Amino acid sequence: MMKPQIAGTRCIHLATCSSTQDYLHNHLDEWLKILPVCVTATHQSGGRGRENRIWHSPPGLGLYLSWGFRLRQEKSLPWVPLAVGVVIAEILETYCGKKSVQLKWPNDVLLKGRKVAGILSESRLGPQGAICICGIGINVNQVETDFPPDLAQSATSLRLSCGPTPSVEELLNLLLKRLTDVLNNLEKQKIRGLRSRVRRLTKWMRLDSLVFQQGNDQHKGRFLGIAPDGGMIMLTGKGEKRVFYSGEIKMSGPG
Ligand code: BTN
């Protein structure tokens with residue numbers, strides 16, 4: 001994979017590493033002055049996802065990227081995974097069509113109801129705001145046998161679920177350009193536009209009974225939308241309106 005060229009972002013490409021996310025964390029102190037930094041890898045031997053899950057990262061089949069940047073407006077932090085998800089989803093829509101792509105609050109992008117991309121947003125708070133380390137994994141060229149059996153029903157790749165498959169480089173360049181724009185807006189707390197883009201991509205979640213898991217607790221209810229602070233508003237079965245900031249929707253996507 002070629003090293004991406006994005007004005008203002010230092011890009012580092014590794015043929016192989018354990019995890020681009022860990023690589024960035026480990027070098028963060030020495031790179032503080034050169035942020036934003038983007039680390040990509042052709043292969044990860046220890047790719048990781050949310051809740052200590054493994055992110056399978058076979059050589060050359062996916063896009064594995066970690067992006068480190070400063071966010072002075074800490075309030076915008078919950079919007080980071082949503083903003084990144086919107087950017088990924090909108091790019092995928094241009095290849096696969098609007099009907100096939102959904103955003104699953106807060107961190108996943110689905111293609112025809114199966115997970116095609118995941119976002120791992122981590123941050124450190126300091127005197128000058130937050131430093132975000134945002135990991136992005138997109139399944140691009142995998143075929144069925146490239147996924148472990150436990151993911152066979154729930155995961156997909158662009159190659160499997162979308163007609164034309166862009167190259168990993170093409171996706172990466174598009175992604176970095178658009179991420180820079182969206183995050184400039186987060187810094188200025190311009191989230192109105194972003195909120196309506198999230199609303200469109202999460203329409204499918206407006207089911208009557210959505211199952212939502214947070215730790216050991218399961219909540220059933222109706223998804224009402226995204227709050228101005230990035231939380232998910234849900235009307236629980238008990239008729240209570242609650243805002244959640246983490247957790248996972250257990251109901252699989254449409255299609
Ligand atoms: C998830 O869906 O749980 C998030 C997956 C994030 C995977 C990416 S791949 C690049 C970066 N390096 C990692 O080890 N993880 C993230």
Margin query: Against the condition away from the ligand (no atom under 16 Å from the Cβ), closer than 22 Å to residue 36 by Cβ, assigned to a strand (DSSP E or B) and in contact with a strand residue (DSSP E or B) (Cβ under 7 Å, 6 or more places away or on another chain), how does residue 130 come out, does it pass?
Written below: yes
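Within the stretch 88-100, is even one residue open to solvent by 40 Å² or more (accessible area, probe 1.4 Å), among the basic types (Lys, Arg) and within 11 Å of the ligand (Cβ to nearest atom)? Give the derivation first.
Filtering the stretch 88-100 for residues open to solvent by 40 Å² or more (accessible area, probe 1.4 Å) gives 94-95, 98-99.
Restricting the remaining residues to those that are among the basic types (Lys, Arg) gives 98-99.
Add one more test, that the residue is within 11 Å of the ligand (Cβ to nearest atom), and what stays is none.
Checked the stretch 88-100: no residue is open to solvent by 40 Å² or more (accessible area, probe 1.4 Å), among the basic types (Lys, Arg) and within 11 Å of the ligand (Cβ to nearest atom).
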Next item on the list: With respect to residue 222, determine if the residue is assigned by TED's automatic domain parsing to the domain that holds residue 75, of a type outside the set (Asp, Glu) and open to solvent by 10 Å² or more (accessible area, probe 1.4 Å).
Entry: no
Margin query: Would you confirm, using the coordinates I've provided, whether residue 111 is more than 9 Å from the ligand (Cβ to nearest atom), among the aliphatic types (A, V, I, L, M), within 22 Å of residue 150 (Cα to Cα) and over 11 Å from the mean Cα position of the chain (by Cα)?
Written below: yes
Check: Inside the stretch 37-76, can you point out the residues that are part of a loop (DSSP other than H, G, I, E, B) and of a type outside the set (D, E, K, R)?
Finding: 45, 46, 47, 49, 55, 56, 57, 58, 59, 60, 61, 73
Next item on the list: Search the stretch 172-191 for residues that are touching a residue at least 24 places away in the same chain (Cβ under 8 Å) and farther than 15 Å from residue 117 by Cβ and pair each with any residue that is in a helix (DSSP H, G or I) and open to solvent by 50 Å² or more (accessible area, probe 1.4 Å) when their beta-carbon atoms are under 8 Å apart and the residues are at least 6 apart or on different chains.
Entry: 189/75; 191/185
Check: Do the conditions hold for residue 211, that is, is it outside the structural domain of residue 111 (by TED's automatic domain parsing), of a type in the set (A, V, I, L, M) and touching a residue at least 40 places away in the same chain (Cβ under 8 Å)?
Finding: yes
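Would you confirm whether or not the stretch 60-72 contains a residue that is among the hydrophobic types (A, V, I, L, M, F, W, C), out of contact with any Leu (no Cβ under 8 Å at 6 or more places or on another chain) and surrounded by fewer than 23 Cβ atoms within 10 Å (Cβ to Cβ)? Break it down stepwise before answering.
Step one: list which residues in the stretch 60-72 are among the hydrophobic types (A, V, I, L, M, F, W, C), which gives 61, 63, 65, 67, 69, 71.
So of that shortlist, the ones also out of contact with any Leu (no Cβ under 8 Å at 6 or more places or on another chain) come out as 61.
With the extra rule that they be surrounded by fewer than 23 Cβ atoms within 10 Å (Cβ to Cβ), the set shrinks to 61.
For the stretch 60-72, residues among the hydrophobic types (A, V, I, L, M, F, W, C), out of contact with any Leu (no Cβ under 8 Å at 6 or more places or on another chain) and surrounded by fewer than 23 Cβ atoms within 10 Å (Cβ to Cβ): present.
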Check: Do you know which residues across the stretch 133-151 are in a loop (DSSP other than H, G, I, E, B), under 20 Å from the mean Cα position of the chain (by Cα) and either closer than 19 Å to residue 53 by Cβ or modelled with pLDDT under 95 (or both)?
Finding: 142, 147
Next item on the list: For the stretch 147-163, indicate whether the set of residues that are away from the ligand (no atom under 16 Å from the Cβ) and among the acidic types (Asp, Glu) is non-empty.
Entry: no
Margin query: I'd like the full set of residues that are touching a Ser or Thr at 6+ places or on another chain (Cβ under 7 Å) and outside any helix (DSSP H, G or I), limited to the stretch 16-36.
Written below: 16, 18, 36
Margin query: Of everything in the stretch 168-190, what is more than 14 Å from residue 88 (Cβ to Cβ) and at pLDDT 90 or above? Give them in sequence order.
Written below: 169
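The values are calculated or read from the model by the stated rules, or taken from the named source; none is laboratory data. Not measured: the values here are computed from a predicted model. No Cβ is skipped: glycine too gets one built from the backbone with ideal geometry, and neighbour counts run over all protein chains shown. Surface accessibility is based on the protein's heavy atoms, side chains included, excluding ligands, DNA and RNA. Shrake-Rupley method; radii C 1.70, N 1.55, O 1.52, S 1.80 Å.
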